[in-house]
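See structure below.
The values are calculated or read from the model by the stated rules, or taken from the named source; none is laboratory data. Keep in mind the model is a prediction, meaning the values are calculated, not measured. Every residue, glycine among them, receives a Cβ derived from its backbone with ideal geometry; neighbour counts consider all protein chains shown. SASA here: full protein model, heavy atoms, side chains in, ligands and nucleic acids out. Shrake-Rupley method; radii C 1.70, N 1.55, O 1.52, S 1.80 Å.
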Amino acid sequence: MGLLARKVVVVTAAAGTSLRVVDSHTAGEPTRVVVDGGPDLGNGSLASQRRRLQDEHDDLRRAVILEPRGSDALVGALLCRTPNKACAAGVIFFNNVGYLGMCGHGAIGVAVTLAHLGRVELGALRLDTPVGTVAVDLTGPNDATVENVESYCWRADVAVDVDGLGTVHGDVAWGGNWFFLVDRAPVPLDLAHEAALTEAARRIKAALASQGVRGADGAEIDHIELFGPPRADHADSRNFVLCPGDAYDRSPCGTGTSAKLACLAARGTLAPGEPWVQESVIGSHFTARYRPAANGRIVPSISGQAYVCAEATLIRHAADPFRDGIG
Ligand code: PYC
């Protein structure tokens, strides 16, 4: 693709008016793309636009994600202008408690949504995010491969003392968000154990925080990823990923799979270009590969499928006591 990408036109509106959204799911995990009506966040970097969204318009995040219009599992994606001429659009991802760096399932959902709306054609495009640009190859109306930001294993085999679980070992890795990856899940990886998985992951997260285990630059580790054997013959591993707001990822988690690949690469157990099929706790799959980058980092590619499932206008009536969500 040439340097000057065809731009997606981003329509902004005065705060408080209606928002046009398109809902999709990627491997079961929902994404709600705000396609029109977001606030004007200026023309700065995506990191600065995210700061403005957070500081000046957090009501938008709450209105889009929280009940009565949304749900805890939902990830929002606000289309923004981008100063990067190579990118079709900027995107800021957010959830029920705050803002994400990158979101793999969300980037696949955004690309499929843009194609559904006729705003991009199939083929290569780039998206600008607060943690860097990502390349997307839309190989079909529902199929995309996202080349994620550089990912790396920060600390291997860290031991933490976890309330009720004893000593738990895991790796700290960056895949566009910070993850603690535990190879042997302490609870069976199925939906019948959702509550116990959530509780175990919450306790691990609390132990990391109280024992001072953090990512680079003291970053909070806000995603916990538990692994076990897959159910499908063609898969390599199954996971359960707890997101920062205590909802679990229905997909295998694009940034979490990127973090996993970084750890496998660091251990020399997965070669560049070799496929890794990650299964989610609901039995959906991503296929991932990596190429090496400088300083022991990798560039992961995540392939998955998304389906648009709704188009809607979110109405925030001035008199509605819950116009900005509940909570
Ligand atoms: O797919 O990267 C991902 C993701 C992060 C949080 C939920 N999904």
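Counting only residues that are under 18 Å from the mean Cα position of the chain (by Cα) and either over 15 Å from ASP236 (Cβ atoms) or within 13 Å of the ligand (Cβ to nearest atom) (or both), the stretch 263-284 holds 5 of them.
Of all residues in the stretch 89-133, those satisfying the criterion of being in a loop (DSSP other than H, G, I, E, B), away from the ligand (no atom under 12 Å from the Cβ) and out of contact with any helix residue (DSSP H, G or I) (no Cβ under 7 Å at 6 or more places or on another chain) are LEU117, GLY118, ARG119, GLU121. When residues in the stretch 136-165 are screened for being open to solvent by 70 Å² or more (accessible area, probe 1.4 Å) and either of a type in the set (Val, Ile, Thr) or at pLDDT below 95 (or both), 1 of them pass. Looking for something in contact (Cβ under 8 Å) with a residue 40 or more places away in the chain and under 21 Å from ALA111 (Cα atoms) - is there at least one such residue anywhere in the stretch 291-300? So far as the stretch 291-300 goes, yes, one or more of its residues are in contact (Cβ under 8 Å) with a residue 40 or more places away in the chain and under 21 Å from ALA111 (Cα atoms).
Could you list all residues from the stretch 252-274 that are within 15 Å of CYS153 (Cα to Cα) and not in a helix (DSSP H, G or I)? GLY268, THR269, LEU270, listed by residue number. Only one residue in ARG202, ARG238 is open to solvent by 60 Å² or more (accessible area, probe 1.4 Å) and farther than 22 Å from ARG50 by Cβ. Which one? The match here is ARG202.
Cβ-Cβ distances below 8 Å connect the following pairs, each with a first residue in the stretch 212-229 that is in a loop (DSSP other than H, G, I, E, B), a second residue that is buried (at least 16 other Cβ atoms within 10 Å of the Cβ) and polar (S, T, N, Q), and a separation of six or more residues or different chains: ASP222/ASN177; PRO229/SER237.
Residues in the stretch 178-192 that are out of contact with any Gly (no Cβ under 7 Å at 6 or more places or on another chain) and not in a loop (DSSP other than H, G, I, E, B) were compared, and the one that is surrounded by the most Cβ atoms within 10 Å (Cβ to Cβ) is LEU191. The test for being more than 16 Å from the ligand (Cβ to nearest atom), modelled with pLDDT of 95 or more and within 24 Å of TYR99 (Cβ to Cβ) does not hold for VAL299.
Every residue, every condition in (1) among the small types (Gly, Ala, Ser); (2) outside any strand (DSSP E or B); (3) in contact with a Lys or Arg (Cβ under 7 Å, 6 or more places away or on another chain), yes or no:
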position	(1), (2), (3)
VAL22	no, no, no
THR31	no, no, no
GLY42	yes, yes, yes
SER48	yes, yes, no
GLN54	no, yes, no
SER71	yes, yes, no
LEU79	no, no, no
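What number of residues within the stretch 147-182 are away from the ligand (no atom under 15 Å from the Cβ), closer than 12 Å to ARG203 by Cβ and not β-branched (Val, Ile, Thr)? Total satisfying the criteria: 5. Is at least one residue of the stretch 181-198 within 18 Å of PHE286 (Cβ to Cβ) and acidic (Asp, Glu)? Within the stretch 181-198 (the criterion being within 18 Å of PHE286 (Cβ to Cβ) and acidic (Asp, Glu)), the answer is no, since none of the residues qualifies. Of the listed requirements (1) under 20 Å from SER251 (Cα atoms); (2) open to solvent by less than 10 Å² (accessible area, probe 1.4 Å), TYR99 misses just one: (2). HIS105 satisfies every condition listed in (1) in contact with a His (Cβ under 6 Å, 6 or more places away or on another chain); (2) touching a residue at least 60 places away in the same chain (Cβ under 8 Å) except (1). Pairs are defined by a Cβ separation below 6 Å, a sequence spacing of at least 6 or placement on different chains, a first member in the stretch 242-261 that is closer than 17 Å to GLY304 by Cβ and within 6 Å of the ligand (Cβ to nearest atom), and a second member that is open to solvent by 10 Å² or more (accessible area, probe 1.4 Å) and aliphatic (A, V, I, L, M); the pairs so defined are SER251/ALA27. Here LEU100 meets each of (1) in contact with a Phe, Trp or Tyr (Cβ under 6 Å, 6 or more places away or on another chain); (2) closer than 21 Å to ASP36 by Cβ; (3) of a type outside the set (Lys, Arg) with one exception, condition (2). Tell me yes or no: at least one residue of the stretch 305-314 is of a type in the set (Ser, Thr, Tyr) and either free of Cβ contacts under 8 Å to residues at least 12 places away in the same chain or not in a strand (DSSP E or B) (or both). Taking every residue of the stretch 305-314 in turn, none turns out to be of a type in the set (Ser, Thr, Tyr) and either free of Cβ contacts under 8 Å to residues at least 12 places away in the same chain or not in a strand (DSSP E or B) (or both).
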